[in-house]
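Following: one structure in structure tokens, then a few remarks.
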Amino acid sequence: MSGISSPVGAEMRRAEFPRVRLDLLANPHGPAESVIDAISRVGSWTGDGRDLAELLRVRLGAQARVSSEWVILANGIDDLHAMIARWRGNEGPLVVFPPTDPLLDRWVSGFTSQTEQIDRLPGFGLPLAPSDTAPAIPRGATAIVMSPNDPTGTVLTVQEAVRLSRQSALVVVDERHAAYSPRTIGPLVREFDNIVLLQTFETFAALSACPLAWAIAPPRIAREIAAQARPSGVAMVSLVAGLAALDAGDEIRASVRRVMIEKGRLYRQLRKLSMISPPYPSWSNFLLARIERGTADYFVPRLAERGIDVFTVAAPSLPNHLRISAVSADATNALKQALIDIAIDV
């Protein structure tokens, strides 16, 4: 392999290319125009924020086919995880299943010293069957599962959710990327008394600047989680943005469909290349793929020199893996050509 170019040369080269962010998870089409308009007029709202919060809870509950007492609002999905971790931190370990988002593991670890990791099986399923190699889920555990999972793109199946609920005191399913998938465990929340569903507008509606997330949980659990909320409540701008996002549902779903169409094209283009493995099946807006010729450490900085950012997966079980988000046809074409150009020097 040839050596990495000098920092000055790399900066000059980056300046020649437009920036292509394939490392981000938010909807690349940005917020809906009507949502942006509502946010711009938030200063004109004169009502009580508690009224807006209750209206949002009612509408989100109706969407999930439950009453508003099942719905807990928070200032983003990280805030929800913090609320749950503070509540459950002394009740038993919080269990995560790598490979998954390492930031989530580190975040919940900041609220309790009782955290454990149980590795997923080959193929990224959960280790729920009795095994000599896979540890059992500890008694009283709060199991936290992303579905679709980052970075693997896999979803929690109904069978896995049911078995996990029987082996855990509480199951928290983080569906922050679920708008890109037809699968949700939402119906199970109404059936089982220990499953909590987390969703957010931050990702698929591109509202990370106005973080708003919600949990759907049986009322008994909902009250416990809500008791950990900030005294100041949810920011007014986030409440306004959330209500506007519900009103703009058709527009947002259309942009989500465009992303998924491009993900299919991204998959087809990558599988034609010899330096990267065919991506794993994914139920989200990103793909996971492995560098086959060379290493991620070789390709990633050279992609960056060409203005293309991808996400290097840090999981020890996934060496030389990249997470690549679907953005646009131009972005996909730029990535394909850059990979071909770089591979020539490998």
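Where in the stretch 159-200 is the amide nitrogen less than 14 Å from a point lying 7 Å along the Cα-to-Cβ axis of R65? Hits in the stretch 159-200 for R65 at 14 Å: 184-192.
Between A134, L198, A304, the Cα set farthest toward the positive side of the dipole of the chain (charges on each charged residue's Cβ, about the Cα centre) is that of A134. Put a plus charge on the Cβ of each Lys and Arg, a minus charge on the Cβ of each Asp and Glu, and nothing anywhere else: the dipole of the stretch 33-247 about its Cα centre is then about 400 debye.
Each Cα pair under 8 Å and six or more residues apart adds its sequence gap; the mean of these over the residue count of the chain is a relative contact order of 24 percent. Net charge of the neighbourhood of M146, taken over other residues with C-beta under 9 Å away and scored Lys/Arg +1, Asp/Glu -1, is -3.
Were the residues from S232 through R290 laid out at 0.36 nm apart, the gain over their Cα-Cα distance would be 16.4 nm. Basic side chains Lys and Arg get +1 at the Cβ, acidic Asp and Glu get -1 at the Cβ, and with that the dipole of the stretch 247-300 about its Cα centre reaches some 340 debye. For the peptides 208-218, 227-237, the ranking by mean Cβ contacts within 10 Å, running from highest to lowest, is 208-218, 227-237. Scalar couplings 3J(HN,Hα) for the stretch 65-78, obtained by applying the Karplus form with A = 6.51, B = -1.76, C = 1.60 to θ = phi - 60°, are 6, 9, 7, 5, 5, 8, 10, 10, 9, 8, 7, x, 6, 5 Hz; x denotes Gly and Pro. Within the stretch 157-213, the percentage of alpha carbon pairs spaced more than 15 angstrom apart rounds to 51%. Under 10 Å, Cα contacts only: if you run a Gaussian network model on the chain, which one of W70, W87, W45 comes out with the highest mean-square fluctuation? Checking each option, the largest mean-square fluctuation is seen for W45. Close amide H partners of L287, meaning residues 5 or more places away or on another chain with modelled amide H under 5 Å apart, are I324, S325, A326. For the peptides 313-322, 23-32, the ranking by mean Cβ contacts within 10 Å, running from highest to lowest, is 23-32, 313-322. One Cα centroid belongs to the stretch 23-86, the other to the stretch 314-330; the line between them spans 29 Å.
Computed from the Cβ-Cβ distance with R0 of 35 Å, the FRET efficiency linking E91 to W45 stands at 0.35. Model label sites at I36 and S317, defined 7 Å from Cα along the beta-carbon direction, differ in position by 4.1 nm. According to the Cα-based calculation, Rg over Rh for the stretch 33-247 is 0.97, with Rh computed by the Kirkwood formula.
The numbers here are math on the coordinates, done by the rules we state, and not lab data. Being a predicted model, the structure only gives us computed values, none of them experimental. Positions of Cβ are backbone-derived with ideal geometry, glycine not excepted, and every protein chain shown enters the neighbour counts.
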